[in-house]
1. Quantify how much of the Cα-Cα distance distribution of the chain extends past 21 Å, in percent.
2. Using a probe of 1.4 angstrom, how much of the accessible area of the chain is carbon and sulfur, in percent?
3. Please find, in a Gaussian network model of the chain (springs between Cα atoms separated by less than 10 Å), the residue of Thr55, Thr11, Thr26 whose mean-square fluctuation is greatest.
4. For the chain, with every protein chain kept in place, what is the accessible area per residue (1.4 Å probe, Å²)?
5. Which order do you get for Val54, Val17 if you rank them by accessible area with a 1.4 Å probe, largest at the top?
Amino acid sequence: APSPAASLGLTRRETEVLALIAEGRTNRQIGETLFIAEKTASVHVSRILAKLGVTGRGEAAAIAHRLGLDKQ
């Protein structure tokens, strides 16, 4: 069975980024944590927001909390 994040259409990397968004990390901090460029982190964030149908990081973080991504 797919994970809750996968059922929303998120890739494994997007799920990792969403968990970091839920921690309040900036694109720069996400990039440093995942060893990717800040711009790449920004692209991931934009795609996550679009897939979740939300307009901001706060809403995305709320979804991450509901999925339990903040506990991984």
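The values are calculated or read from the model by the stated rules, or taken from the named source; none is laboratory data. Computed from a prediction, not measured in an experiment: that's the story for all the values here. The area values use the complete protein model at the heavy-atom level, side chains included, leaving out ligands, DNA and RNA. Shrake-Rupley method; radii C 1.70, N 1.55, O 1.52, S 1.80 Å.
1. On the way: 363 of 2556 pairs.
Tail of P(r) above 21 Å: 14 percent of Cα pairs.
2. Details: 2300 of 4340 Å².
Its accessible area is 53 percent carbon and sulfur atoms.
3. Fluctuation is largest for Thr55.
4. Details: 4340 Å² over 72 residues.
Ligands and nucleic acids excluded, the figure is 60 Å² per residue.
5. Values: Val54 25, Val17 0 Å².
Ranked list, largest accessible area first: Val54, Val17.
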